[in-house]
Structures are given as structure tokens and as C-alpha cells.
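A.B. asks: Take this structure first; my questions come after.
Coordinate-derived values only; no laboratory data. The model shown is predicted, which means the values in this text are computed figures rather than measured ones. Counting neighbours? That spans all protein chains shown, and the Cβs are built from the backbone with ideal geometry, glycine included.
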Amino acid sequence: MNTENLSVGIRPPVLYVAALALGILLHLLTPVRIFAKTGSGHLLGWPVFVLGSALVLWAERTLKKYGVEPSFKPVPQIVSSGPYAFSRNPMYLATSLMYLGVSLATNSIWPMVFLPLILLILHLAVITKEELYLEKVFGQEYLQYRSKVRRWL
């Protein structure tokens, strides 16, 4: 088993929650709606949120099936089944869908404004470090996986 730890300065859930909280606070202070009709966001937002929730549960179950904790601890192997067969980052994809769903359901543009920034920070501060870590630890096995499976979708 690999004992090398991955060090990232930002925990993705904290990043998403902080941005969402700031977006909702800005919405309370200065509401800017996505949809003109009240309630329209619920029709689109909650299904997107549920889709993200289902994906995160599927990803977590897949990891646990292979003895991998969904954290920044050493990983014993590359997981390439379940949602990891079509996305190298299904947990981040799922969390982004959940964030988008809440933004739509609350009918607020403010959280949506922060989503590109979240994705940029996530890419620069977390994903690139994870990819370097996995390449260092698993070498050719990870490079083969990376060549077959897209980062997001």
C-alpha cells in the first residue's frame, strides 16, 4: 500500500460551501434572479441537485468497494470502474452539479458567478496536485488511465 500523502491547501467541500454561502449572502443583499418567473428554478434546480447527489453516492460506494477512502489519504490503487470509468473526477463533477442545482433552485445569479472561479481554483490548487501525485505513485498505470478517461466528462 502506498504511504505517501497528497497535500492540498484547499478542501473542495469547503471551497464549494464558502462560495455558495457568499453567493446566497449577496443574493439576500442584492437579489439578481436567473429566472423571471418565481419557482422556475425549482423545476430545473432540484433535479440537477439530485443528479449530483446520486453521482457522489455512486462514486463514494465505488471507492469504498476498492478500499479507497474519499479523502486525501494514501490510495492503494487506481479505481477505474463505476463513475471513474467516464470521469477521473466524478466527486468534483457531482459537487459542481449539486452547487449548480442549489443555485438554480434559489434562483440566484450570485452563486453562478462564483462557479467558474471555484472550478479554476479546484483545477489549479487540487486537481493538478492530485494528478501529479497519482502519476508519481502509480506511474504508467495512471498515465494509461488518464489517456482513456477524461478529467470531467
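A.B. asks: Which value in nm describes the separation of the simple spin-label points at ILE121 and ARG11, placed 7 Å from the Cα toward the beta carbon?
C.D. replies: Simple spin-label model gives 1.4 nm for this pair.
A.B. asks: Also, quick follow-up: At q = 0.09, 0.14, 0.22 Å⁻¹, what log₁₀ I(q)/I(0) does a Debye calculation on the Cα points of the stretch 12-148 give, no solvent, two decimals?
C.D. replies: These q points yield log10 I(q)/I(0) values of -0.32, -0.70, -1.30.
A.B. asks: Moving to a separate point now. Can you list the lysines whose alpha carbon is less than 26 Å from that of LYS136, not counting same-chain residues fewer than 8 positions off?
C.D. replies: LYS136 reaches LYS64, LYS65, LYS73, LYS148.
A.B. asks: Apply 1/(1 + (r/R0)^6) to the Cβ-Cβ distance of SER81 and ALA21, taking R0 = 41 Å, and write down the FRET efficiency to the nearest 0.05.
C.D. replies: Between SER81 and ALA21 the formula returns 0.75.
A.B. asks: Hey, quick one: spin label on LEU29, modelled 7 Å out along Cα-Cβ, who in the stretch 109-153 has an amide N within reach, i.e. under 20 Å?
C.D. replies: So the set is 109-118.
A.B. asks: Can you work out the FRET efficiency for the pair SER53 and GLN140, with r the C-beta to C-beta distance and R0 = 35 Å, to the nearest 0.05?
C.D. replies: That pair, SER53 with GLN140, gives E of 0.50.
A.B. asks: Next question, about the same structure. Report the charge-dipole magnitude of the stretch 1-114 in Debye, nearest 20, computed about the Cα centre from +1 at each Lys and Arg Cβ and -1 at each Asp and Glu Cβ.
C.D. replies: 140 debye
A.B. asks: Would you kindly state how much longer the chain becomes between LEU132 and LYS64 on full extension, computed as 0.36 nm times their sequence separation minus their alpha carbon distance, in nm to one decimal?
C.D. replies: Extra length from LEU132 to LYS64 when fully extended: 22.2 nm.
A.B. asks: While we're on this one: Of SER81, SER53, how do they rank once you tally other Cβ atoms within 10 Å and put the fewest first?
C.D. replies: Fewest-to-most ranking of SER81, SER53: SER81, SER53.
A.B. asks: Please report how far the C-alpha centroid of the stretch 11-31 lies from that of the stretch 75-153, rounded to the nearest whole angstrom.
C.D. replies: Between the Cα centre of the stretch 11-31 and that of the stretch 75-153, the gap is 20 Å.
A.B. asks: Separate question: Taking the dipole about the Cα centre of the chain, with the C-beta of Lys and Arg at +1 and of Asp and Glu at -1, give me whichever of LEU97, GLY39, PRO76 is farthest to the positive side.
C.D. replies: GLY39
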